[in-house]
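Notes follow the structure.
Rule-based calculations on the coordinates, nothing more; no lab input. All of these numbers come straight from a predicted model, not from anything done at the bench. We place every Cβ from the backbone using ideal geometry, glycine too, and count neighbours over all the protein chains shown.
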Amino acid sequence: MRQAVDFKECLKDSPKFRASLEEAETDIEVLEVRLEKLVKLCTAMIDAGKVFSAASSGFVTGVRDLASYFEDDSLVSGSLSRFAHAMTEMMKYFGILMDQAHRSVCKNLNSFIRNDIKKMKDAKKHFEKISDDLDSALVRNSQAPRAKPQECEEALNVLTAMKSAFAHTSLDYVFQVNVLHSKKRFEVLDTMLSFMHAQSTYFHQGHDLFADLDPHMKTIASQVEELSEKAKVERKEMEERHTLVQQKISSTAQWQLCSTSLETRGHVAVSLSKQAFRGWCQLTKS
């Protein structure tokens, strides 16, 4: 990768050096803002993950409570308990993922900001101070009275010392700038690669978990289908419940009809008996 600031131009303290240095500094400032924003977003994601985990934990507790309701039904209670266990395992994997997000993203990027970028900022402050001191030495040397050789020599010695100090300081500062520009690529890619590995592990764990659960889920699916068909048959039978009323009414009507017929025949028989008795009595008297 090309150096952000050229060392030769640095020693010359040329306008090109100052322009490239300013561009590199601005670039680092933009990078710092983006990194801090990413850390905040990652922190917000982790906080949201904690809320999600708490809500998921409550949901799993509800599923276990529901399983206890069906304790006499081994199919339902056993299936719900197994589903709750699978969801608990997924929550554990998710917790590990959020922990890796904190370690790989928040911690690493914060370290890069607080150490590397801060180190460059400290070097910049020292560079600016030496740069101001050099300007002061240049002004003092230019204003030294030529009639006073001792003051001129002293001003020249100070200027020489400041030029040397500025050269070393500017080289050190440019070194920090160039190292940071080179390191930022590694730090960002390494951080995101680490997090993507954590993501990959999370989804692989979930895949393996559900691969083991899949045969049981297929069995449950077929049993659910059977239960659904059975429920349809039972519902259809129960939908004919109103015919029971009609059957009851018909049965009652037949019974009443039969009872009335018997009563009528009994009444007729009694009447005939009475008439026969009366006839016999009249014959006897005569």
For this session: Mind ranking 149-160, 20-31 by how tightly packed they are, going by the mean number of other C-beta atoms within 10 angstrom, highest first?
Result: 20-31, 149-160
Problem set entry | Size-normalised alpha-carbon gyration radius of the range 94-184, reference 2.2 N^0.38 Å | 1.79
For this session: May I ask for the distance between the Cα centers of the range 30-51 and the range 77-108, given as a whole number of Å?
Result: 20
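Report the net charge of residues surrounding residue 101, where surrounding means a beta-carbon distance below 12 angstrom and charges are Lys +1, Arg +1, Asp -1, Glu -1. Don't skip to the answer; put the middle values down first.
On the way: positive: 50, 103, 107; negative: 47, 99.
Taking every Cβ under 12 Å from that of residue 101, the sum is +1.
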Exercise. Are any of the pairs 16/124; 163/184; 12/129; 50/92; 37/119; 129/183 more than 22 Å apart by Cα-Cα distance, and if so, which?
Worked result: 163/184; 129/183
Seminar exercise, completed: Gyration tensor (Cα only) of the range 162-215 to equivalent ellipsoid, semi-axes in Å sorted down, yields 52, 5, 4
Exercise. In the neighborhood of residue 211, defined by Cβ-to-Cβ distances under 15 Å, what is the net charge if each Lys or Arg adds +1 and each Asp or Glu adds -1?
Worked result: -2
Exercise. For the range 26-132, what's the relative contact order in percent, using C-alpha pairs closer than 8 Å and at least 6 residues apart?
Worked result: 37
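Looking at the range 1-143 from every direction and averaging, what is the projected area of its Cα convex hull in nm²? All intermediate terms of the calculation are to be shown ahead of the outcome.
On the way: hull surface 49.2 nm².
Mean shadow area of the hull around the Cα atoms is 12.3 nm².
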